[in-house]
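Asker: Please see the structure below; I have some questions.
The values are calculated or read from the model by the stated rules, or taken from the named source; none is laboratory data. Not measured: the values here are computed from a predicted model. Positions of Cβ are generated from backbone atoms using ideal geometry, with glycine treated the same way; all protein chains shown enter the neighbour counts. Accessible surface areas use protein heavy atoms only, side chains included; no ligands, DNA or RNA. Shrake-Rupley method; radii C 1.70, N 1.55, O 1.52, S 1.80 Å.
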Amino acid sequence: MVPGGGLTLSEQLGLSDKADRISGMGQTGANGYQREQDSPFSRLQLLSDLSRPPQVKFTDLQSAVNTGVIEENPLNFDVRVDYFRQSDERVITAFTIQTETEIWYFKRAVG
């Protein structure tokens, strides 16, 4: 006789038995984690921390940079998208980008 060793809800429903408590086999889904770092919330926190950009270490460099808005749209262009059906599951897509030629210049490489 073990005090507090009554049946759990899972054992009362017939989904597991007392032997599964030790082996951890009777647990369904993600409810069978044993450690706090294996919980779903800790996993989400870890993924969030890993995707966050690192902080700037040298604040004197950060204050020396004065970046202003140059122009909202420095390169005016038009885009046209065309679709060509090949079959029921296949489509070819063509992107056409058009800009003014006065803004382009080409430099010839010497060498």
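Asker: Return yes or no: is ARG85 out of contact with any strand residue (DSSP E or B) (no Cβ under 9 Å at 6 or more places or on another chain) and modelled with pLDDT of 70 or more?
Answerer: No: the conditions fail for ARG85.
Asker: Only one of these conditions is not met by GLU11: (1) open to solvent by 100 Å² or more (accessible area, probe 1.4 Å); (2) modelled with pLDDT of 80 or more; (3) among the charged types (D, E, K, R). Which number is it?
Answerer: (1)
Asker: Let me ask something else about it. If GLN34 meets every condition in (1) closer than 30 Å to ARG21 by Cα; (2) modelled with pLDDT of 90 or more apart from one, which number is that one?
Answerer: (2)
Asker: Do you know which residues across the range 38-61 are surrounded by 10 or more Cβ atoms within 10 Å (Cβ to Cβ) and either modelled with pLDDT under 65 or of a type in the set (S, T, N, Q) (or both)?
Answerer: Once the filter is applied, which keeps residues that are surrounded by 10 or more Cβ atoms within 10 Å (Cβ to Cβ) and either modelled with pLDDT under 65 or of a type in the set (S, T, N, Q) (or both), the range 38-61 yields SER39, SER42, GLN45.
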